[in-house]
Amino acid sequence: VGIIAATVSFVPLSTSAHVDALFDGSVSCVVLLDRAFNFIRVNQAYAAACGRALEDFEGRNHFDLYPSDARAIFEQVVASGRPYRAAARPFLFPDAPERGMTYWDLALTPIVDEQGDVEFLLLSLSDVTDHVLTRHRLEESEAQLRALAGSLQARLEAERAHLARELHDELGQALTVVRLGLMSAAVDCAECPRSEAVTAPVRTMMRRIDEAAHTVQRLTTWLRPAMLDESGLIAAVEAEAASWQSYGRLRCRVRGTLPPGCLEPALDIALFRIVQEALTNVVRHAEASLAVVSCRVVGRSVVITIRDNGRGVDARVSTRRNALGLAGMRERAVLAGGAFDVRRRRRRGTVVTVSVPLRGERQAPL
Ligand SMILES: Nc1ncnc2c1ncn2[C@@H]1O[C@H](COP(=O)(O)OP(=O)(O)OP(=O)(O)O)[C@@H](O)[C@H]1O
Ligand SMILES: [Mg+2]
């Protein structure tokens, strides 16, 4: 048995300076095993990672010290003579369970003798526990944030729907009643002397009431498009497209159909908001003369695209931190178990694509 600097070799082995340097100088754990998995040589990095002294490995078998289901893999490497690699393989130290689950990148390389039989195995390991745990924590907090965003979104839409109902039912009806009252007062006064003194301000009031009713109507639709509940997503998108068209020079077309009941509940409003934001972007940024919204079922998904023939979106836009409109669209699509993409079209303009699973086809819960 020869102890060489930071490594130990448990059987007399003719080694070169290169091999010694590889063991001693490596920051990774390096272990040489015989074909029955007895330790032949380990380096200091391995002993330290195991919380042991170099001598503790002498005359020991790897799987006596560390029983694990990895034995089948080691046996396979001996039988096949083919190396094995794995990333972030979990391992629980039986002699130190308080360390919790640890994770290792590993490479197991067979060393063959002159007959081509596996004589030794070189095991190289890197402790990636910190990386894996950090990634788990990040994934967890991302999932929490997503769940929070989802519930905030749902609450926001519920509150908007409630406000829309209140505005429509209470304020809208009150304005109608006041208008009717004013109209009948104007009719009653028509025969009165100096009737003009009364009817002129009444007409002004009625005009103001009409404006207020129009504002209530606009706000109600913005808060919760009644069309969505009454006639479905396509009709609501058509109404939205028509309203954009009425503002300026943009022609806005809606193509395709969706079978009734093909969307999970609450997805219609999410898709409507995506189309609404995409059309807002076309009007604000695209300098386009035509926008086409198309809705169809492709395989097991509902796919909606919003194309325009404008100047085309900047390729780097999706990485911009303040691109909240696009981020919101992507978030809504991902929350729905779907996907979102925005890209410059080959010849001209931009295409936004959102796809969500058909009702009952969703893989994972929210
Ligand atoms: N259809 C489009 N054509 C050309 N550029 C677009 C189009 N849609 C988006 N963009 C570009 O992408 C950027 C990001 O869009 P995004 O909707 O995220 O933000 P925004 O519209 O600038 O602001 P807001 O947060 O109010 O939506 C826009 O500023 C614009 O430069
Ligand atoms: Mg926007």
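The values are calculated or read from the model by the stated rules, or taken from the named source; none is laboratory data. These figures come from a predicted structure and were not determined experimentally. Virtual Cβ from ideal backbone geometry, glycine too; neighbours counted across all protein chains shown. Each accessible area value is taken on the protein alone, full model and side chains, heavy atoms only, with ligands, DNA and RNA left out. Shrake-Rupley method; radii C 1.70, N 1.55, O 1.52, S 1.80 Å.
Does anyone have the angle between helix 195-223 and the longest principal axis of the chain? Alpha-carbon axes, 0 to 90°, nearest 10? The two axes meet at around 20 degrees.
Over the C-alpha trace of segment 153-283, radius of gyration and Dmax come out as 19.8, 64 angstrom.
With contributions of -39500 (n - 2.57) from each DSSP H run of at least four residues, the per-residue ellipticity at 222 nm computed over the chain stands at -14500 deg cm²/dmol. Taking the centroid of alpha carbons for each part, segment 67-84 and segment 321-364 are 44 Å apart.
Specify whether the C-alpha gyration tensor of segment 317-360 places it in the rounded, prolate or oblate class, a ≥ b ≥ c being the square roots of the eigenvalues: rounded for a/c under 1.5, otherwise prolate if a/b is larger than b/c and oblate if not. Oblate, since a/c reaches 1.5 and b/c is not below a/b. Which value, in Å to one decimal place, does the Kirkwood hydrodynamic radius take for segment 47-204 when every pair of different Cα atoms is included? Taking the inverse mean of 1/r over all distinct Cα pairs, segment 47-204 comes out at 23.6 Å. The loop-placed trypsin sites (Lys or Arg not before Pro) in segment 283-362, going by DSSP, that have at most 16 neighbouring Cβ atoms within 10 Å of their Cβ come out as Arg300, Arg311, Arg320, Arg321, Arg345, Arg346, Arg347, Arg348, Arg359, Arg362. Applying 0.36 nm per residue to the separation of Val177 and Arg165 and subtracting their alpha-carbon distance, the gain on full extension is 2.6 nm. Here the accessible area of the chain is 55 percent carbon and sulfur, with a 1.4 angstrom probe and all protein chains present. Taken per residue, the accessible surface of the chain reaches 59 Å², heavy atoms only and a 1.4 Å probe. An ellipsoid equivalent to the chain, defined through the eigenvalues of its Cα gyration tensor, has semi-axes of 74, 22, 18 Å when rounded to whole angstrom and sorted largest first. Taking amide H atoms as placed 1.01 Å from N in the peptide plane, the amide H of Arg251 lies under 5 Å from those of Leu290, Ala291, each 5 or more residues away in sequence or on another chain.
Pairs of Cα atoms nearer than 8 Å and 6+ residues apart set the relative contact order; for segment 231-280 it is 48 percent.
Classify segment 220-342 as rounded, prolate or oblate from the Cα gyration tensor: take a ≥ b ≥ c as the square roots of its eigenvalues, call it rounded if a/c is under 1.5, otherwise prolate when a/b beats b/c and oblate if not. Oblate is the answer for segment 220-342, as a/c is 1.5 or above yet b/c matches or exceeds a/b. Note on Thr257/Arg345: beta-carbon distance plugged into 1/(1 + (r/R0)^6) with R0 of 30 Å gives a FRET efficiency of 0.80. Percent of Cα pairs in segment 76-168 per distance bin of 10 Å, from zero to the largest separation: 14, 22, 19, 15, 11, 9, 6, 3, 1. Centre-to-centre, using Cα atoms only, segment 222-244 and segment 27-57 are separated by 69 Å. Between Glu140 and Ala158, the simple label model (points 7 Å from Cα in the Cβ direction) yields a spacing of 2.7 nm. Just to confirm my numbers, what's the Cα centroid distance between segment 252-317 and segment 165-208 in Å? If we compute the Cα centre of each part, the gap is 42 Å.
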